[in-house]
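Participant: Next up is a structure, given as structure tokens.
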Amino acid sequence: MTTGTIEAPWGGDGTLALALPPGWNVGREHVVEPDLSDAAADYPAALAGALDAPLDAPRLEDRVGPGSKVAIVVDDPSRWTPVREALPIVLARLHGAGVAAGDVTISVGVGRHHAVDDAAMRERLGDGPAASYRCYSPPVDDLAAYVDLGTTASGVPVRVFRPVAEADVRVLIGSVLPHLQAGFGGGYKLIFPGTSHRTTLGALHRQGLSAGSDAGRLLGSPSAENPMRLAVNEAAGLLGPCFSISHLIGAPGMIFRARAGRPESVQDALAEEARARFQAPPAPPADVVVVGNSPWPGDPMQSFKALLHHRAASSPGGVSVGLFWTDPAEIDRSMPRAALRLIAGSGAPGGWAIRRLLPAVERVLSARESSAAFMLRWARELVVDRTVMIYAPPLHARIGGRLGPVRVFADQDALWRAVRRALPRDRRDAPSVRIFPRGGLTYAPQAGPSA
């Protein structure tokens, strides 16, 4: 029998008790949690300390002065970086060094994510900065809004949003989290692809995804071995001075570490700690892998990324279960209704399409320099040799019981009965199980080389 009650975070402060099938011998030893110890008690003091002692770089105040043009780039609202708290501290230091408000711009590094409207901009930056500075959500397809800085030796066109490209110094405010392709997010990724034209974005997202490679090998890989991170750093070499302010975070309001300084040094230091806190310990692949989407804030697309982060933990022929707390208001923004209904309407044959047709579509999109190719690669790898089911009542209410090959449930008992039926007969009564309640933080790396 299940040993005790196993719960996953659900929504703001709620929890979801898992009603696993009777007879499954699942205890706390099968649950993988991130290390959430030693969060900073005083974030402003932690940030001040980082700014006073930057890694491998002069202090920010020593790099700017009267007449300096500064472009601040922050990550987009899907991340929980403390942007509102950091901006007043950073702006005060810039103005204390003589930088005029009119010489500061603030851009949100949206990349291929949703454009940030005025309301979202105020929410992200705070009312004061949003009203007092020139703030931008870069138009990813408007080539006239970008500066062409040339092409890297590896063939990536470097086209950067004009206010960012033409600044004297760029200040990057973001966080380091596991990333499917770049190993870990953060750092220069706020610009490449965050404030880059779609052609640059597409070229970067093809790095390391050759026909014979497995995208899962890139997750959590070191910068020096990661093709996308190497391409991003190479592109940054054509840009000019940057100063990184980055964070290691566990949830909104939970900051473990703030670092500032040279972007490469900050990135590597925080990635090393992220690896120690969030990487799942080695274990044999499990028949059933259960992944909660916490602490992602109710966005279905980000929730599927949490499943992908744990793909290597599941055995071929097994079942991956996503526990997706989903904000109904985020469903259409994250996954447009027309697209959802098209995929949902494909039913089970959608699985055949993903397994058989998407490789061809992926090749076409890659040839056209489309950034969508990498999303198709991961979708295919997620369902190619396992069954995927998700518990997401609001999503079920919106689209019904199927999202292509993925089954969607609003009733937990029905979910677990379906999971049991999907397993091979000899594994139904006593499957091996691994549970990742905070799957937005944890990740299971795939064995083997990173490229």
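Participant: Please list, ordered by first then second residue, the pairs with beta carbon atoms under 7 Å, 6 or more apart or interchain, first in the stretch 261-277 and hydroxyl-bearing (Ser, Thr, Tyr), second open to solvent by 20 Å² or more (accessible area, probe 1.4 Å).
Facilitator: Going by the 7 Å Cβ cut-off, the qualifying pairs are Ser265/Leu55; Ser265/Asp56.
Participant: Still on this structure: If a residue must be open to solvent by less than 20 Å² (accessible area, probe 1.4 Å) and among the small types (Gly, Ala, Ser), how many such residues does the stretch 1-15 contain?
Facilitator: First pass over the stretch 1-15, keeping only residues open to solvent by less than 20 Å² (accessible area, probe 1.4 Å): 6, 8.
With the extra rule that they be among the small types (Gly, Ala, Ser), the set shrinks to 8.
Residues flagged as open to solvent by less than 20 Å² (accessible area, probe 1.4 Å) and among the small types (Gly, Ala, Ser) within the stretch 1-15 amount to 1.
Participant: Could you list all residues from the stretch 234-258 that are of a type in the set (D, E, K, R) and touching a strand residue (DSSP E or B) at 6+ places or on another chain (Cβ under 6 Å)?
Facilitator: Just the residues of the stretch 234-258 that are of a type in the set (D, E, K, R), to begin with: 234, 257.
Once the filter is applied, which keeps residues that are of a type in the set (D, E, K, R) and touching a strand residue (DSSP E or B) at 6+ places or on another chain (Cβ under 6 Å), the stretch 234-258 yields only Arg257.
Participant: Sticking with this one: Are any residues in the stretch 236-266 within 15 Å of the chain's Cα centre (by Cα) and not in a strand (DSSP E or B), and if so, which ones?
Facilitator: The answer is Pro252, and nothing else.
Participant: Of these, Gly292, Gly298, Gly322, Gly345, which one is at pLDDT below 90 and either assigned to a helix (DSSP H, G or I) or within 18 Å of Arg407 (Cα to Cα) (or both)? Full working, then the answer.
Facilitator: Details: Gly292 fails: at pLDDT below 90; Gly298 fails: either assigned to a helix (DSSP H, G or I) or within 18 Å of Arg407 (Cα to Cα) (or both); Gly322 fails: at pLDDT below 90.
Of the residues listed, the single one that is at pLDDT below 90 and either assigned to a helix (DSSP H, G or I) or within 18 Å of Arg407 (Cα to Cα) (or both) is Gly345.
Participant: Could you run through the stretch 16-48 and say how many residues are open to solvent by less than 60 Å² (accessible area, probe 1.4 Å), touching a residue at least 40 places away in the same chain (Cβ under 8 Å) and not in a helix (DSSP H, G or I)? Show your work before the answer.
Facilitator: Of the stretch 16-48, the ones open to solvent by less than 60 Å² (accessible area, probe 1.4 Å) are 16-21, 23-24, 26-27, 30-32, 34, 36-37, 39-40, 43, 45-48.
With touching a residue at least 40 places away in the same chain (Cβ under 8 Å) added as a condition, the list becomes 16, 18-21, 23-24, 26, 30-32, 34, 36, 39-40, 43, 46-48.
Next, from what is left, pick out any that are not in a helix (DSSP H, G or I): 16, 18-21, 23-24, 26, 31-32, 34, 36, 39-40.
Going through the stretch 16-48 one residue at a time, the tally reaches 14.
Participant: I'd like the full set of residues that are over 17 Å from the mean Cα position of the chain (by Cα) and open to solvent by 10 Å² or more (accessible area, probe 1.4 Å), limited to the stretch 274-292.
Facilitator: Within the stretch 274-292, Ala276, Pro281, Pro282, Ala283, Pro284, Pro285, Asp287 meet the criteria.
Participant: Checking the condition acidic (Asp, Glu) and over 16 Å from Ala86 (Cβ atoms), which residue from Asp127, Asp142 passes?
Facilitator: Numbers: Asp127 fails: over 16 Å from Ala86 (Cβ atoms).
Selected residue: Asp142, the only one of Asp127, Asp142 that is acidic (Asp, Glu) and over 16 Å from Ala86 (Cβ atoms).
Participant: A further question follows. For the stretch 49-60, does any single residue satisfy the condition of being free of Cβ contacts under 8 Å to residues at least 60 places away in the same chain, outside any strand (DSSP E or B), of a type in the set (Gly, Ala, Ser) and open to solvent by less than 30 Å² (accessible area, probe 1.4 Å)?
Facilitator: No, that holds for no residue.
Participant: So, in the stretch 19-59, of the ones that are acidic (Asp, Glu) and touching a strand residue (DSSP E or B) at 6+ places or on another chain (Cβ under 8 Å), which residue ends up farthest from Leu415 (Cα to Cα)?
Facilitator: Within the stretch 19-59, the subset acidic (Asp, Glu) is 29, 33, 35, 38, 42, 52, 56.
Pick out the ones that are also touching a strand residue (DSSP E or B) at 6+ places or on another chain (Cβ under 8 Å) and you get 33, 38, 56.
Details: Glu33: 23, Asp38: 36, Asp56: 51 Å.
Result: Asp56.
Participant: Being among the charged types (D, E, K, R), within 14 Å of Val319 (Cβ to Cβ) and part of a strand (DSSP E or B): is that true of Arg407 here? If you could, list the steps in order and put the result at the bottom.
Facilitator: Numbers: among the charged types (D, E, K, R): yes; within 14 Å of Val319 (Cβ to Cβ): yes; part of a strand (DSSP E or B): yes.
The answer is yes for Arg407.
Participant: Inside the stretch 424-433, can you point out the residues that are in contact (Cβ under 8 Å) with a residue 60 or more places away in the chain and either part of a loop (DSSP other than H, G, I, E, B) or open to solvent by less than 30 Å² (accessible area, probe 1.4 Å) (or both)? Quick ask: steps written out before the conclusion?
Facilitator: Of all residues in the stretch 424-433, those in contact (Cβ under 8 Å) with a residue 60 or more places away in the chain come to 424, 427, 429-433.
Passing the criteria: Pro424, Asp429, Ala430, Pro431, Ser432, Val433.
Participant: Outside any loop (DSSP other than H, G, I, E, B), at pLDDT 95 or above, out of contact with any Pro (no Cβ under 9 Å at 6 or more places or on another chain) and not hydroxyl-bearing (Ser, Thr, Tyr) - does that describe any residue in the stretch 220-229?
Facilitator: no
The values are calculated or read from the model by the stated rules, or taken from the named source; none is laboratory data. Just so it is clear, the structure is predicted and the values come from calculations on it, not from any experiment. Neighbour counts are summed over all protein chains in view; Cβ atoms, including those assigned to glycine, are modelled from backbone coordinates with ideal geometry. Protein only, heavy atoms only, side chains kept; ligands, DNA and RNA dropped before computing areas. Shrake-Rupley method; radii C 1.70, N 1.55, O 1.52, S 1.80 Å.
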